Amino acid sequence: MNFNLQLYLVTDSSMTTVEKLPFIVEQAVLGGVTMVQLREKHANTKTFINMAQQLKTMLSLYQIPLIINDRIDIALAIDADGVHLGQDDMPYAIARKLLGAHKIIGLSVESIAQVYEANTLDVDYIGISPVFATPTKTNTKIEFGIQGIQSISKITKHKTVAIGGINTTNASQIIQAGANGIAVVSAIMKAPDPKIAAQQLKNVTS
């Protein structure tokens, strides 16, 4: 499946309400978001499925892929476009067997060693995490920074999206360092106008 990592929105319903989430996502898409990942660490399964189904229905109108964070069962239940896996989630080989060859699978990497390991896997992209310190992800060991992006871009055989502390002031540097796209949470989820926030981020990454 074709996909564009340029501006990748990762949701966080703790920054809004479950009811308002689809509106924020749609506004962000209208502003230029190219992929959406539904990340829900605390929602129960029924709520997660309902949210995923709402987003899938809406995003399909715009031909924007919906990626589910971690939960293979949710992705299968709503026929999502793919999943994003962390290092402690289901192993890639099992996820691919369950989802099939045509679904998108992304994998977070948090060290150079994990980048080399990802090169042995047929994942569709890697998420470089985190580039900078961020309050939305507190369990990571190091910050890659711009130099880390440059190093990974020379090593990896996969498409890359960078996440962690990214906003309009540093997004262009990340693209120039070699990343294929940026992933943001609060830069859009907390913005007064998510459409304008997405437009501004899209402009600086183009």
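Considering only residues that are closer than 16 Å to residue 8 by Cα and over 13 Å from the mean Cα position of the chain (by Cα), which ones fall in the stretch 88-132? Once the filter is applied, which keeps residues that are closer than 16 Å to residue 8 by Cα and over 13 Å from the mean Cα position of the chain (by Cα), the stretch 88-132 yields only 131. The residue of the stretch 130-185 that is farthest from residue 33 (Cα to Cα), among those that are of a type in the set (Ser, Thr, Tyr) and at pLDDT 95 or above, is 151.
Within the stretch 3-23, the residues that satisfy the criterion of being touching a residue at least 60 places away in the same chain (Cβ under 8 Å), under 16 Å from residue 66 (Cβ atoms) and not hydrophobic (A, V, I, L, M, F, W, C) are 4, 8, 11, 12.
Of all residue pairs spaced 6 or more apart or on separate chains, those with beta-carbon atoms under 8 Å, a first member in the stretch 143-154 that is of a type in the set (Asp, Glu) and a second member that is surrounded by fewer than 17 Cβ atoms within 10 Å (Cβ to Cβ) are 143/132; 143/133. Within the stretch 36-47, can one find any residue that is surrounded by 21 or more Cβ atoms within 10 Å (Cβ to Cβ) and of a type in the set (Asp, Glu)? Scanning the stretch 36-47, I find at least one residue that is surrounded by 21 or more Cβ atoms within 10 Å (Cβ to Cβ) and of a type in the set (Asp, Glu), so the answer is yes. Checking each residue in the stretch 49-59 for being surrounded by fewer than 21 Cβ atoms within 10 Å (Cβ to Cβ) and within 17 Å of the chain's Cα centre (by Cα) picks out only 56.
Does residue 90 fit the bill of being farther than 24 Å from residue 7 by Cα, of a type in the set (A, V, I, L, M) and touching a residue at least 12 places away in the same chain (Cβ under 8 Å)? Lay out the reasoning, then the answer.
Working: farther than 24 Å from residue 7 by Cα: yes; of a type in the set (A, V, I, L, M): yes; touching a residue at least 12 places away in the same chain (Cβ under 8 Å): yes.
Judged against the criteria, residue 90 is a match.
Filter the stretch 173-200 for residues that are of a type outside the set (Val, Ile, Thr) and under 15 Å from the mean Cα position of the chain (by Cα); which is surrounded by the fewest Cβ atoms within 10 Å (Cβ to Cβ)?
It comes out as 186.
Does the stretch 55-64 contain at least one residue that is in contact with a helix residue (DSSP H, G or I) (Cβ under 7 Å, 6 or more places away or on another chain) and closer than 22 Å to residue 130 by Cα? No, there is no match, as no residue in the stretch 55-64 is in contact with a helix residue (DSSP H, G or I) (Cβ under 7 Å, 6 or more places away or on another chain) and closer than 22 Å to residue 130 by Cα. Scanning the stretch 99-125 for residues that are over 28 Å from residue 79 (Cβ atoms) and among the hydroxyl-bearing types (Ser, Thr, Tyr), which turns out surrounded by the fewest Cβ atoms within 10 Å (Cβ to Cβ)? In this case the residue turns out to be 120. Answer with yes or no whether residue 34 is hydroxyl-bearing (Ser, Thr, Tyr) and in contact with a Pro (Cβ under 9 Å, 6 or more places away or on another chain). In short, yes.
Cβ-Cβ distances below 6 Å connect the following pairs, each with a first residue in the stretch 31-45 that is over 12 Å from residue 80 (Cβ atoms), a second residue that is among the aromatic types (Phe, Trp, Tyr) and outside any loop (DSSP other than H, G, I, E, B), and a separation of six or more residues or different chains: 40/48.
The values are calculated or read from the model by the stated rules, or taken from the named source; none is laboratory data. As the structure is a prediction and not an experimental result, all values here were calculated from the model. No Cβ is skipped: glycine too gets one built from the backbone with ideal geometry, and neighbour counts run over all protein chains shown.
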